[in-house]
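Structure first, then comments.
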Amino acid sequence: MTKHIFVTGGVVSSLGKGLTSASIGLLLEQRGLSVRMQKLDPYINVDPGTMSPYQHGEVYVLDDGSETDLDLGHYERFTNSPLTKHSNYTTGKIYQSVIAKERRGEYLGKTVQVIPHITNEIKHAIRSLASKDVDVVITELGGTVGDIEGQPFLEAIRQIPLDVGKEDCLFIHLTLVPYLKAARELKTKPSQHSVGLLRQIGIQPDILIVRTERSLGQDNIEKIALFCNVETKAVIEEVDKEFSIYEVPEGLVEHNLDQLIVDKLNIDADPLDMSDWSATMQRLRNPQHEVIIAVVGKYIEHRDAYKSIYEALDHAGISNSTRVVFRRIEAEELEQQGPEIMLSGVDGVLVPGGFGMRGIEGKVQAIEYARQCEIPFFGICLGMQCAVIEFARNVLGLEDANSSEFNADTQNPVICLLEEQKEVTNMGASMRLGAQPCMLEPGSRADASYGVSDVSERHRHRYEFNPEYRDQLADAGMVATGTSPDGQLVEIVEVPGHPWFLAVQFHPEFKSKPSAAHPLFQSFVEAALQHRKQRVQMPVR
Ligand code: GLN
């Protein structure tokens, strides 16, 4: 019988519910349990694929091509739970399904209503992850209790214990206890109100996880327990982690959260084994070296826009015993100030994915600088497309080389839409999405980094390397070292004469974990470290 854990949040958003849910998943897996993770997002968009990164940060892509909330990235980095389109539901997706059923006449003439039709659809989405091989499904509800659009979701999770049995469900509520400087006090009232709201709906939380700047102290814990009707031992403090998000699980273990969950759900679990995680943390805390990596992008001031890129660089740092320091560079600013100023002293340059024209010329300049100054360069998706544009312009001498995304009239569309994509107009349907196989050229840097000849990587883009330019570019020194199995689509390019210049059409950052860095990120940071050593030996005068 699969058990259910529901994670809700109150007081404010951005409390780190995703990280806490992912950490709970990790703890349960380290107790030998089989876990599935799920996020319910109450907004109306069918998926976050059409949203700007300013809204909800990066769009995280799964193997099956689902475009999902970035919290699913945390789930994959912390747990081994396989994620699919059933791992992320929005209000839009739920309604889309209900409306389609109504149009097909499946409701047999009934009035279709929020209760029971929408709530049944939500319950069905949650229960779809339960099976005889799954011990626990962890469902995180986005937003905060009290949000109007979250109500049907809360009502649905309220009903689940009635369907599957109270003893198989656990409600965990995450709140904030703010510290008021003027009063020099931690304030528990907002948490009391938030739990009050939940109880009005009919949900009594079993465990409270309390985010706080400073330790709560026994008095506050007892006060929260009393007013929120929760056992004292079930009030768990989660003090802010300044150093790394990967410290969160250890903090929860210190407060015995894993044992509390196992006891409350009455699960037969192994003793906790955090040895692998602790070894990773040990490496993270004791770096032997440091490198500076410039990330040249368009949404630099918005930290979450390139979330998985920064995480993957950190993982590569862990595997190279190296602290990776980020220099986050706005591409438009680089265009104005010049690469010499903005990239001086960096050990590697990474240009991530993106859409639209803004900042393109700055990215191209950054790539030219990295190529000419022999600084390791890693291009991802749009970053690869810019690398091809740069090479075509500055090495092949095709001055107007561009992507047809940015200049539809260019004489040299080195990046373009392939014929079959031109007809598609629905924004949600026109992209190449999800895992695709890629064959690596023997002897290439990509082949050496991966150590295998065929790989699978996740995509999210419309435009492609134009095969008409492949030979010209190769003759000039930019070679395709990864292609689709039929050899038609170029997935990886390299400049073999350069210390490390590699760019990929896919998104390797989605397949990196703290304990298993992605091979390309690992190799890139290793090259950056080499560059650093040479740079320090030969200081620029
Ligand atoms: N805008 C480019 C395309 O659609 C690149 C997309 C990306 O970087 N994810 O092909």
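The values are calculated or read from the model by the stated rules, or taken from the named source; none is laboratory data. Bear in mind the structure is a predicted one, so any value in this text is a computation, not a measurement. Because the Cβ atoms are built from the backbone with ideal geometry, glycine has one as well, and the counts that use them run over all protein chains shown. For the accessible areas, the whole protein counts, side chains as well, though only heavy atoms, and no ligand, DNA or RNA atoms are used. Shrake-Rupley method; radii C 1.70, N 1.55, O 1.52, S 1.80 Å.
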Conditions (1) modelled with pLDDT under 95; (2) more than 30 Å from Arg214 (Cβ to Cβ); (3) crowded, with 18+ Cβ neighbours inside 10 Å: number failed by Leu108: (3)
Every residue from segment 490-507 that is in contact with a strand residue (DSSP E or B) (Cβ under 6 Å, 6 or more places away or on another chain) and either within 15 Å of the ligand (Cβ to nearest atom) or over 17 Å from Met439 (Cβ atoms) (or both): Val490, Glu491, Ile492, Val493, Val495, Phe501, Ala503, Val504, Gln505, Phe506, His507
Single unsatisfied condition, Val388 versus (1) within 17 Å of Ala476 (Cα to Cα); (2) open to solvent by 10 Å² or more (accessible area, probe 1.4 Å); (3) in contact with a Leu (Cβ under 9 Å, 6 or more places away or on another chain): (2)
Residue among Lys298, Lys189 that alone is surrounded by fewer than 15 Cβ atoms within 10 Å (Cβ to Cβ) and farther than 30 Å from Lys533 by Cβ: Lys189
Members of segment 495-515 that are open to solvent by less than 10 Å² (accessible area, probe 1.4 Å), among the hydrophobic types (A, V, I, L, M, F, W, C) and within 21 Å of the chain's Cα centre (by Cα): Ala503, Val504, Phe506
Test result for Ala408, open to solvent by 20 Å² or more (accessible area, probe 1.4 Å) and not acidic (Asp, Glu): yes
Flag for Ser403 being polar (S, T, N, Q) and either more than 26 Å from Glu361 (Cα to Cα) or surrounded by fewer than 20 Cβ atoms within 10 Å (Cβ to Cβ) (or both): no
Any hit, segment 339-352, residues being open to solvent by 10 Å² or more (accessible area, probe 1.4 Å), on the phi > 0 side of the Ramachandran plot and out of contact with any Phe, Trp or Tyr (no Cβ under 9 Å at 6 or more places or on another chain): yes
Matching residues, segment 368-385, being within 15 Å of the ligand (Cβ to nearest atom) and touching a helix residue (DSSP H, G or I) at 6+ places or on another chain (Cβ under 6 Å): Phe378, Gly379
Restricting segment 124-175 to residues that are in a helix (DSSP H, G or I) and farther than 14 Å from Phe6 by Cα, the residue that is least open to solvent (accessible area, probe 1.4 Å): Pro152
Options Ala448, Ala429: the member that is among the small types (Gly, Ala, Ser), modelled with pLDDT of 95 or more, on the phi < 0 side of the Ramachandran plot and open to solvent by 40 Å² or more (accessible area, probe 1.4 Å): Ala448
Counted residues, segment 308-329 - those being open to solvent by less than 40 Å² (accessible area, probe 1.4 Å) and either acidic (Asp, Glu) or within 18 Å of Gly57 (Cα to Cα) (or both): 7
Top-ranked residue of segment 285-316 - restricted to ones that are within 18 Å of Ser14 (Cα to Cα) and basic (Lys, Arg), ranked as modelled with the lowest pLDDT: Arg303
Complete set of residues in segment 452-494 that are under 29 Å from the mean Cα position of the chain (by Cα), among the aliphatic types (A, V, I, L, M) and crowded, with 19+ Cβ neighbours inside 10 Å: Val455, Ala480, Leu489, Val490, Ile492, Val493
Restricting segment 197-223 to residues that are open to solvent by less than 70 Å² (accessible area, probe 1.4 Å) and small (Gly, Ala, Ser), the residue that is modelled with the lowest pLDDT: Gly217
Candidate set: segment 9-36, residues that are touching a helix residue (DSSP H, G or I) at 6+ places or on another chain (Cβ under 7 Å) and over 19 Å from Pro249 (Cβ atoms); chosen: the one modelled with the highest pLDDT: Gly10
Extreme residue, surrounded by the fewest Cβ atoms within 10 Å (Cβ to Cβ), among residues of segment 230-278 that are small (Gly, Ala, Ser) and modelled with pLDDT under 95: Ser244
Qualifying residue in segment 386-396 (condition: of a type in the set (D, E, K, R), away from the ligand (no atom under 12 Å from the Cβ) and not in a loop (DSSP other than H, G, I, E, B)): yes
Where Ser23 falls short, out of the listed (1) assigned to a helix (DSSP H, G or I); (2) surrounded by fewer than 24 Cβ atoms within 10 Å (Cβ to Cβ): (2)
Selection count where residues are under 29 Å from the mean Cα position of the chain (by Cα) and without any contact (Cβ under 8 Å) to a residue 24 or more places away in the chain, scope segment 191-248: 2
